[in-house]
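**Q** I am attaching a structure below and will ask some questions about it afterwards.
Any read-out appearing in this document is the output of simple, stated calculations on the displayed coordinates, not a laboratory observation. Fair warning: this is a prediction, and the values are worked out from it, not measured in the lab. Methodologically, a virtual Cβ is constructed for each residue, glycine included, from the backbone with ideal geometry; neighbour enumeration extends over all protein chains shown.
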Amino acid sequence: MTSLSITSWIVGGILVAISLPGVVAPASTRKAVAAFPRHRIAAWVLTAVDLAWVTWIIANASLGRFEFLKPALYLAAPLSYALIVVFMDELLAPRALGGLFLLAANPMLQAARWHASGWRFVIVVLAYAWVVIGVTLVLSPYRFRQVAHWPYATDGLCRLVSAGRAAFGAFLLFLGTWAF
């Protein structure tokens, strides 16, 4: 079992899981997607995940002559979280989602880096697409609503797009089982 197969299973499973509500209950999904940019709890949870991940990365990185600053992370992370939640609450959920896309791309690329299969490029292309989406959402969070408007315009279109995303997730699950 390689790390690329585990990565493919995780990403595929997440894609299938987030797509099923759109297939089963498109009206509720459309409402949730429309409310997402201003949803406080989603913003707070995604921001907490992002900050925890970044704190873990910095805590395990070699900082050279700045190594003495690592103990300050345990104070700086909660303080940063509080400051972000209070002072950057405008469209925080899409920004935090963009940060999550940016963070998730790195392990995907690391897993695919030395794998011999040509199918690894599916993961590589997906990771770079997530980087572009992540940068866009972090810098221009209002684009979330603009881009999400078309796939969630009608119940039928929502169901179709969600089914396509679920099928791609199932394909990644298949790749994780048989190709990697």
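**Q** Where the centre of each part is set by its Cα atoms, how far does region 1-52 sit from region 63-107, in angstrom?
**A** One Cα centre to the other: 20 Å.
**Q** In square nanometres and to one decimal, what's the mean projected area of the convex hull around the Cα atoms of the chain?
**A** Working: hull surface 46.4 nm².
Over every viewing direction, the Cα hull of the chain projects on average to 11.6 nm².
**Q** Right, another one. Dipole of the chain (Lys/Arg Cβ +1, Asp/Glu Cβ -1, origin at the Cα centre): which of ALA32, SER19, LEU157 lies farthest to the positive side?
**A** The one lying farthest along the dipole's positive direction is LEU157.
**Q** Still on this structure: In square nanometres and to one decimal, what's the mean projected area of the convex hull around the Cα atoms of region 7-98?
**A** Projected area, direction-averaged: 7.6 nm².
**Q** What residue among ALA104, ALA148, TRP119 has its Cα farthest toward the positive end of the dipole of the chain, where the charges are +1 on Lys, Arg and -1 on Asp, Glu, each on the Cβ?
**A** ALA148
**Q** Now a separate question. Nearest 20 debye, what's the magnitude of the dipole of the chain about its Cα centre given +1 on Lys and Arg Cβ and -1 on Asp and Glu Cβ? It would help to have the intermediate numbers written out before the result.
**A** On the way: 13 positive and 5 negative charges, 43 e Å.
Once rounded to the nearest 20, the dipole reads 200 debye.
**Q** Compute the Rg/Rh shape ratio of region 80-166: radius of gyration over Kirkwood radius, all on alpha-carbon atoms. Present the calculation step by step, with values, prior to reporting the outcome.
**A** Values: Rg = 15.8 Å, Rh = 14.8 Å.
A ratio of 1.07.
**Q** What is the chain's relative contact order, in percent, from Cα pairs under 8 angstrom and six or more apart in sequence? Walk me through the intermediate numbers first.
**A** Numbers: 196 pairs, mean separation 80.7, N = 180.
Result for the chain is 45 percent.
**Q** Divide the volume of the convex hull of the Cα atoms of region 66-120 by its number of residues and quote the answer in cubic angstrom per residue. Intermediate values should be presented prior to the final figure.
**A** Numbers: hull volume 5.9 nm³, N = 55.
Normalising the Cα hull of region 66-120 by residue number yields 107 Å³.
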